[in-house]
1. Any chance the stretch 35-50 includes a residue that's of a type in the set (Val, Ile, Thr), modelled with pLDDT of 90 or more, within 22 Å of residue 127 (Cα to Cα) and out of contact with any Lys or Arg (no Cβ under 7 Å at 6 or more places or on another chain)?
2. Considering the stretch 124-141 alone, what residues qualify as being surrounded by 10 or more Cβ atoms within 10 Å (Cβ to Cβ) and under 17 Å from the mean Cα position of the chain (by Cα)?
3. If you go through the stretch 50-67 one residue at a time, how many are among the acidic types (Asp, Glu) and surrounded by 14 or more Cβ atoms within 10 Å (Cβ to Cβ)?
4. Give me the pairs, please: first residue somewhere in the stretch 11-36 and closer than 13 Å to residue 89 by Cα, second residue anywhere and of a type in the set (Gly, Ala, Ser), beta-carbon distance under 6 Å, and either six or more positions apart or on two chains.
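The values are calculated or read from the model by the stated rules, or taken from the named source; none is laboratory data. All figures in this text were calculated on a predicted structure; none of them were measured in a lab. Virtual Cβ from ideal backbone geometry, glycine too; neighbours counted across all protein chains shown.
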Amino acid sequence: MRKNIRLIGYDYSSNGSYFITICTKKRKNCLSEISVGEAALGLPLTELTDIGKIVNENIKKTGQVYRNADVIKYVIMPDHIHMILFISDFYEEMTGRPGAASPTKSVPLIINGLKTISTKQIGYSVWQRSYYDHIIRNEKEFLQIYDYIENNPVNWANNIYNQNIWR
């Protein structure tokens, strides 16, 4: 029996921000490539693969597909995705953007939808079962996670660079 990693009793359609991590099967590097030391100012250059481009387009459509949700920040790494998913029943009011004619959705349904549509477009599943989530509880946490997502390619490149030095 699989262990349930969701917070028991929590309503994942509740207003708020959620830090989501989705991994590829066996952590296979198939979503993007990060080049170390090739970009301006020594910053890593992230280039999406064809699979990564499909996933990217579907992430960008989240706010159009679900009237109560949008992805605030995300990064597509070689073997995983990090994102901040924002859910609000008054999101339509805040953005002035009419939502889809679908009912309010929860985090599990939105992530499942992203993985399902990407799988159909790719032609096979690249995803590990389930995903990891963290309910963002305050502004400090939000800013720390936002910064973590922003700097994830740099941290990845530093890990690769440091591994290569010591070989």
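1. At the first step, the residues of the stretch 35-50 found to be of a type in the set (Val, Ile, Thr) are 36, 46, 49.
From what is left, the residues that are modelled with pLDDT of 90 or more are 49.
Then drop every residue that is not within 22 Å of residue 127 (Cα to Cα), which leaves 49.
From what is left, the residues that are out of contact with any Lys or Arg (no Cβ under 7 Å at 6 or more places or on another chain) are 49.
Scanning the stretch 35-50 turns up at least one residue that is of a type in the set (Val, Ile, Thr), modelled with pLDDT of 90 or more, within 22 Å of residue 127 (Cα to Cα) and out of contact with any Lys or Arg (no Cβ under 7 Å at 6 or more places or on another chain).
2. To start, the set of residues in the stretch 124-141 that are surrounded by 10 or more Cβ atoms within 10 Å (Cβ to Cβ) comprises 125-128, 130-137, 141.
Once the filter is applied, which keeps residues that are surrounded by 10 or more Cβ atoms within 10 Å (Cβ to Cβ) and under 17 Å from the mean Cα position of the chain (by Cα), the stretch 124-141 yields 125, 126, 127, 128, 130, 131, 132, 133, 134, 135, 136, 141.
3. Going through the stretch 50-67, the residues among the acidic types (Asp, Glu) turn out to be 50, 57.
After this cut, where a residue has to be surrounded by 14 or more Cβ atoms within 10 Å (Cβ to Cβ) as well, the list is none.
Residues in the stretch 50-67 being among the acidic types (Asp, Glu) and surrounded by 14 or more Cβ atoms within 10 Å (Cβ to Cβ): 0 in total.
4. Close Cβ pairs (under 6 Å, with a partner that is of a type in the set (Gly, Ala, Ser)) amount to 12/106; 13/106; 15/88.
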